[in-house]
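Below is one structure, written out as structure tokens; comments come after it.
The values are calculated or read from the model by the stated rules, or taken from the named source; none is laboratory data. This structure is a prediction, so every number in the text was calculated from the model and none was measured. Cβ atoms come from the backbone with ideal geometry, glycine included; neighbour counts cover every protein chain shown.
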Ligand SMILES: [Zn+2]
Ligand SMILES: [Zn+2]
């Protein structure tokens, strides 16, 4: 509507309604029309549109707008930094209608001639476009998880006499995927007729078949005779460097492996799960003794890093706590946003006192379950935390995170982070790079230096388990373990549903061989209390 120059108030009412819907805790499908229309920020006119969506699964007014907008213009809405106003200029004045053309115009320095586009803006748009094109067709692990599991199940049901396995990046538990690999003993005829019945378009490549789903997500079908099945799956489910090293092992020879285990038995190496088939060095480790048992989802004993209605969360502390208790967790660490995060309703000092009173009362009610007092304190531009020491002292745990001025050099980022790590009130460094997978790169950091500083100052590094963050990157976890730095798999939950994200943190942590002993959120309640005592002693 913005792009088509509609009435501002009309636009605002839709946008308010969308915001209100997003924050509702009950499904609108269960509401009567009068209940729906009575919700503040929805009203009758938009309420009727919501009913239309519920009944027809469509919204005709939206369809009309989409109809009269070129697809390339719609695509531009996905580009970071391109709002409706800029898109209108690009479309109507520059007469550009596709992402490719727009990138070219940036390279040609053509945007700067138009109102609202300085040199800096043009550069930012160009970078965002390059990033977008590079990641197009890629999906987060969490986004393809259901598809992968359903596909495996449907194949098994349709062809029980064949063998099928989801392999490749999915089996390796990568944080995002460009395509899904399936190894199957199906014949070409069977596959083609099965997929055609589902209206998939199939293409034949040199080594595999591909088909693409609705979202342009590619599925690769590796049709393999039974005698080759396990080896094919193995080759697809390890890093190329790992595979290369494997094929050079003294006892390795190609044969018809009867199982995955047989591949390991042949070369006298203990089992290495697909998630850990990354660096070749692990083969040597597994040759001498079995690998340590990596962390499992059931090893998460408490919820660390969660928000409530006190800042930008959806559920109250009580709701969050009861849910955590019911799900078998021993404690909940509530860390709402701090005062600098005004956009997230961050806590001013007086509200902290009130929040702590509420937590004290809840702790009496919910014992032996414990809610700990925490804060996600903003790391300011100069690296300081955004409360005076006496306020910081009122928390059991302080998580320090960067949320502002993310565009910075490595030098600047490191100055801020190291100062925050040196602060004796900091117990956990939150999402260390600020990255958002497939959409924001995060500021540049030197992981080795961060790990060294955390080791020196007894600071835990968070592995933010939100599937779009998974930050810190698992590739640096091994180094942290070697330096005796604890990792903390935290869901950064903004609602009860967020707890389930712990699993995605665990899956990538397994890739790095993280054990429960090296993970703070696997501490029992007693161990957590000890940890807090130890952290408080640090404050002097
Ligand atoms: Zn944060
Ligand atoms: Zn947070």
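Give the residues of segment 113-167 that are touching a residue at least 24 places away in the same chain (Cβ under 8 Å), assigned to a helix (DSSP H, G or I) and exposed (fewer than 14 other Cβ atoms within 10 Å of the Cβ), sorted by residue number.
Scanning segment 113-167 gives 130, 133, 158.
Identify, please: which residue in segment 454-463 is within 16 Å of residue 423 (Cβ to Cβ) and in contact with a strand residue (DSSP E or B) (Cβ under 6 Å, 6 or more places away or on another chain) and is, among those, nearest to ligand 1 (Cβ to nearest atom)?
This residue is 462.
Examine segment 359-370 for a residue that is touching a helix residue (DSSP H, G or I) at 6+ places or on another chain (Cβ under 9 Å) and within 16 Å of ligand 1 (Cβ to nearest atom), and state whether such a residue exists.
No, because not a single residue in segment 359-370 is touching a helix residue (DSSP H, G or I) at 6+ places or on another chain (Cβ under 9 Å) and within 16 Å of ligand 1 (Cβ to nearest atom).
Only one of 245, 241, 256 is exposed (fewer than 14 other Cβ atoms within 10 Å of the Cβ), at negative phi and over 30 Å from the mean Cα position of the chain (by Cα); which?
256
On the given criteria, is residue 372 part of a loop (DSSP other than H, G, I, E, B), within 16 Å of ligand 2 (Cβ to nearest atom) and more than 25 Å from residue 448 (Cβ to Cβ)?
Spelling it out, it is not the case that residue 372 is part of a loop (DSSP other than H, G, I, E, B), within 16 Å of ligand 2 (Cβ to nearest atom) and more than 25 Å from residue 448 (Cβ to Cβ).
Among what's in segment 307-316 and is within 15 Å of ligand 2 (Cβ to nearest atom) and within 17 Å of residue 351 (Cβ to Cβ), pick the residue that is surrounded by the most Cβ atoms within 10 Å (Cβ to Cβ).
Going through the qualifying residues, I end up with 308.
Would you be able to say whether some residue in segment 284-294 is within 24 Å of residue 498 (Cβ to Cβ) and crowded, with 16+ Cβ neighbours inside 10 Å?
Scanning segment 284-294 turns up at least one residue that is within 24 Å of residue 498 (Cβ to Cβ) and crowded, with 16+ Cβ neighbours inside 10 Å.
Hey, among 99, 79, 90, which residue is crowded, with 16+ Cβ neighbours inside 10 Å and within 25 Å of the chain's Cα centre (by Cα)?
The unique qualifying residue is 79.
Within segment 393-416, count every residue that is surrounded by fewer than 21 Cβ atoms within 10 Å (Cβ to Cβ) and away from ligand 1 (no atom under 16 Å from the Cβ).
10
Report yes if residue 360 is out of contact with any strand residue (DSSP E or B) (no Cβ under 6 Å at 6 or more places or on another chain), closer than 26 Å to residue 460 by Cβ, surrounded by fewer than 20 Cβ atoms within 10 Å (Cβ to Cβ) and without any contact (Cβ under 8 Å) to a residue 12 or more places away in the chain, otherwise no.
It is true that residue 360 is out of contact with any strand residue (DSSP E or B) (no Cβ under 6 Å at 6 or more places or on another chain), closer than 26 Å to residue 460 by Cβ, surrounded by fewer than 20 Cβ atoms within 10 Å (Cβ to Cβ) and without any contact (Cβ under 8 Å) to a residue 12 or more places away in the chain.
Determine if segment 473-490 includes at least one residue that is within 13 Å of the chain's Cα centre (by Cα), without any contact (Cβ under 8 Å) to a residue 40 or more places away in the chain and assigned by TED's automatic domain parsing to the domain that holds residue 447.
no
What residue, of 200, 229, is in contact with a strand residue (DSSP E or B) (Cβ under 7 Å, 6 or more places away or on another chain), under 15 Å from residue 155 (Cβ atoms) and modelled with pLDDT under 95?
After ruling out the rest, the residue left standing is 200.
Do the conditions hold for residue 517, that is, is it within 25 Å of residue 396 (Cβ to Cβ), away from ligand 1 (no atom under 16 Å from the Cβ) and out of contact with any strand residue (DSSP E or B) (no Cβ under 8 Å at 6 or more places or on another chain)?
yes
Mind telling me which of the residues 242, 229, 257, 264 ends up being more than 16 Å from ligand 1 (Cβ to nearest atom), closer than 18 Å to residue 167 by Cα and touching a helix residue (DSSP H, G or I) at 6+ places or on another chain (Cβ under 6 Å)?
257
Could you tell me which numbered condition residue 342 fails, if it satisfies all but one of (1) modelled with pLDDT of 95 or more; (2) within 16 Å of ligand 2 (Cβ to nearest atom); (3) surrounded by fewer than 16 Cβ atoms within 10 Å (Cβ to Cβ)?
(1)
Residues to consider are 447, 466; find the one that is touching a helix residue (DSSP H, G or I) at 6+ places or on another chain (Cβ under 9 Å), within 16 Å of ligand 1 (Cβ to nearest atom) and without any contact (Cβ under 8 Å) to a residue 60 or more places away in the chain.
When all the criteria are applied, what remains is 466.
Can you confirm whether residue 436 is within 14 Å of ligand 1 (Cβ to nearest atom), under 17 Å from residue 175 (Cβ atoms) and free of Cβ contacts under 8 Å to residues at least 40 places away in the same chain?
yes
Just give me the residues in segment 371-392 being within 16 Å of ligand 1 (Cβ to nearest atom) and more than 19 Å from residue 344 (Cα to Cα), in sequence order.
None - no residue of segment 371-392 is within 16 Å of ligand 1 (Cβ to nearest atom) and more than 19 Å from residue 344 (Cα to Cα), so the list stays empty.
Table: residues versus (1) touching a residue at least 12 places away in the same chain (Cβ under 8 Å); (2) in contact with a strand residue (DSSP E or B) (Cβ under 8 Å, 6 or more places away or on another chain); (3) assigned to a loop (DSSP other than H, G, I, E, B); (4) farther than 20 Å from residue 132 by Cβ.
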position	(1), (2), (3), (4)
51	yes, no, no, yes
61	yes, no, no, yes
69	yes, no, yes, no
72	yes, no, no, no
78	yes, no, yes, no
88	yes, no, no, no
92	no, no, no, yes
97	yes, no, yes, no
101	yes, no, no, no
